[in-house]
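Engineer: Have a look at this one.
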Amino acid sequence: MPRLATIGVYGFDADSYLERLRQADVGLLLDLRQRRGVRGPDYVWANSRRLQAALAEAGIAYQHRRELAPTTELRQLQYAEDARQGVGKRSRRELAADYIRRYTAEILDPVDLAPIAAALPSRGTTALFCVERDPEACHRSLVARRLAESHDITVEHLRPL
């Protein structure tokens, strides 16, 4: 049975990130970001080219799944709610209800996840990747939940140790 994990960037450095992937036996990383960069000097290792090179060296396959990335408009909707609540992207604990509703209707519902589920390796773990530390604060948790419910896949959320 395929195994699925989710993982963010915040709270990791490059070495601890790769170690966490190894500990979870991740063999495939699905990048769910629209723009595959991370601001700030602490996270340059997570920018697409550097991340892909590190993953390749670690023997972990990489795929960008842009069709599951939130649009700029949706991200701005979440940022407005973050500002209203006085939280930053890196300290957000949950997604706004309107963001969840719109992401589900505009992005998740139209995507056929069956081919993604069918292509998950039967050995090892596949990780859904975005930037937020906590899966509850990121759209990757919505994708993971849909895959778990629709395709009987077990999900583990990887966090910094």
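Engineer: Can you tell me how the range 70-129 classifies by the Cα gyration tensor, rounded, prolate or oblate, using a/c under 1.5 as the rounded cut?
Structural biologist: oblate
Engineer: For the chain, modelled as a Gaussian network with Cα springs under 10 Å, which listed residue fluctuates most, Gly88, Gly37, Gly27?
Structural biologist: The residue with the greatest mean-square fluctuation here is Gly88.
Engineer: Quick one: grab the alpha carbon gyration tensor of the range 105-144, order the square roots of its eigenvalues as a ≥ b ≥ c, and give me rounded if a/c is under 1.5, else prolate or oblate depending on whether a/b is larger than b/c.
Structural biologist: oblate
Engineer: Pick the calculated Rg and Dmax of the Cα atoms in Å for this structure from (1) 19.0, 68; (2) 14.3, 41; (3) 14.9, 43?
Structural biologist: (3)
Engineer: Something else now. Hey, if you put +1 on the Cβ of every Lys and Arg and -1 on every Asp and Glu Cβ in the chain, which of Leu29, Gly8, Val44 ends up farthest toward the positive end of that dipole?
Structural biologist: Final value for the positive-end residue is Val44.
Engineer: Can you give the net charge of the other residues whose Cβ lies under 14 Å from the Cβ of Leu28, counting K and R as +1 and D and E as -1?
Structural biologist: Around Leu28, the surrounding residues sum to +2.
Engineer: Only counting other Cβ atoms within 10 Å, I'd like Ser141, Ser122, Ser91 sorted with the fewest neighbours first.
Structural biologist: So the ranking, lowest neighbour count to highest, is Ser122, Ser91, Ser141.
Engineer: Note down the net charge around Glu156, summing +1 for each Lys or Arg and -1 for each Asp or Glu among other residues with Cβ under 12 Å from its Cβ.
Structural biologist: Computed value for this residue: +2.
Engineer: Sketch the reach of a paramagnetic label on Leu161 as a point 7 Å from Cα along Cα-to-Cβ, and name the residues of the range 8-37 whose backbone nitrogen lies under 18 Å away.
Structural biologist: Under 18 Å, as judged by backbone N against the label point of Leu161, lie 8-27 of the range 8-37.
Engineer: Sticking with this one: Less than 11 Å Cβ to Cβ from Phe129, Lys/Arg counted +1 and Asp/Glu -1: what total charge do the surrounding residues give?
Structural biologist: +2
Engineer: Got a sec to turn the phi values of the range 29-37 into Karplus ³J(HN,Hα) couplings, 6.51 cos²θ - 1.76 cosθ + 1.60 with θ = phi - 60°, whole Hz, x for Gly and Pro?
Structural biologist: Once rounded to whole Hz, the list reads 10, 9, 7, 9, 8, 6, 9, 9, x.
Engineer: Return the long-range amide H neighbours of Val26 (sequence gap of 5 or more, or a different chain), with a cut-off of under 5 Å between placed amide H atoms.
Structural biologist: Distant-sequence amide H within range of Val26: Thr125.
Computed from the coordinates by the stated procedures, all read-outs in this text should not be read as laboratory data. Worth saying up front: this structure is predicted, and the values here are computed from it rather than measured. Quick reminder, even Gly has a Cβ in these numbers, built from the backbone with ideal geometry, and neighbours come from all protein chains shown.
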